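A short write-up of the structure that comes next.
All of the numbers you see were taken from the coordinates with simple rules; none came from a lab. What you see is a predicted model, and the numbers here were worked out from it, not measured in a lab. Glycine also receives a Cβ, built like all others from the backbone with ideal geometry; neighbour counts cover every protein chain displayed.
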Amino acid sequence: MLAYRVPRQPSTLRITIWRKLDRLGVARLGDGLVALPADARTREQIDWIAEEIGEIGGSSTVWLAAAGSAVQEKAIAAEMRAARAAEYRAVVEQAEAAARARPGERGRVVKRLQGELRRIGRRDYFPPVEREVAQHAVRALATAAATAAAAATAAATAATAGAGAAADGVADAGAGSGEVAR
């Protein structure tokens, strides 16, 4: 847990801290009180943010804590799970929208959504069922994008081969007319 207080002004510093905490996927327990599951990675990240809060003139304390009851612990986990589920649903919506886009656009969206899945995964401590749905939607979009790209490449190759054959046919017709090339 991190209990912190950040100076109101300048607001950019406060917003920077909030965004860093959001990227970690914290559970907001109250004003200036956030929690994460205890592991080495989250502890180190919380310690860094606590240090940064001190550097900007705020105050912070890192606590190792346990919920008072299993019900409270489950409520915190459910809150964190719901936040990630919403992010995964947004990925699914974007993948479905991209499936209707132009083939070239699909490839760019696939790369962006794969990155988004990685970012969400780093803060997904209690994976919701939407995680699998989002991963499947992005894989399906990647397959569709690859299929469209292969079809476009094949069409371009066929068009190039057809144009080359037509040019050869014109050259052959000119050679059989009895003219001598100089």
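I need to check one value: relative contact order of the chain, counting alpha carbon pairs closer than 8 Å and at least 6 residues apart, in percent.
Working: 160 pairs, mean separation 37.8, N = 182.
Result for the chain is 21 percent.
What FRET efficiency comes out for Ser69 versus Thr147 if R0 is 45 angstrom and r is the Cβ-Cβ distance? Round to the nearest 0.05.
Values: r = 52 Å, r/R0 = 1.15.
Computed FRET efficiency for Ser69 and Thr147: 0.30.
What are the ³J(HN,Hα) values, in whole Hz, obtained from phi via the Karplus relation 6.51 cos²θ - 1.76 cosθ + 1.60 with θ = phi - 60°, for each residue of the range 28-35 in sequence order, with x given for Gly and Pro?
Along the range 28-35, the couplings run 8, 8, x, 5, x, 9, 10, 9 Hz.
With r as the distance between the Cβ atoms of Ala154 and Glu44 and R0 = 41 Å, compute the FRET efficiency 1/(1 + (r/R0)^6) and round to 0.05. Let's see the in-between values first.
Working: r = 50 Å, r/R0 = 1.22.
Rounded to the nearest 0.05, the efficiency is 0.25.
How much mean residue ellipticity at 222 nm does the chain get from its helices, if each DSSP H run of length 4 or more adds -39500 (n - 2.57) and you divide by all residues, to the nearest 500 deg cm²/dmol?
On the way: 5 runs with 126 residues, N = 182.
Mean residue ellipticity, 222 nm, calculated: -24500 deg cm²/dmol.
With θ set to phi - 60°, apply the Karplus curve 6.51 cos²θ - 1.76 cosθ + 1.60 along the range 104-120 and write out the HN-Hα couplings as whole Hz, x wherever there is a Gly or Pro.
x, 5, 4, x, 5, 5, 4, 4, 5, 5, 4, x, 5, 4, 5, 5, 5
For Arg108 and Leu33, calculate 0.36 nm times their separation in residues minus their Cα-Cα distance, and state this gained length in nm to one decimal.
Working: separation 75, 0.36 × 75 = 27.00 nm, distance 3.82 nm.
Length gained between Arg108 and Leu33: 23.2 nm.
If I model a spin label at Arg118 and Ser11 as a point 7 Å from the Cα along the Cα→Cβ vector, what separation in nanometres do I get?
Using points 7 Å along Cα→Cβ, the separation is 3.3 nm.
Tell me the relative contact order for the range 10-63 as a rounded percent, counting alpha carbon contacts under 8 Å between residues six or more apart.
Value for the range 10-63: 25 percent.
Mind checking the log10 I(q)/I(0) for the range 54-139 at q = 0.21 Å⁻¹? Debye, one equal scatterer per Cα, no solvent, two decimals.
-0.93
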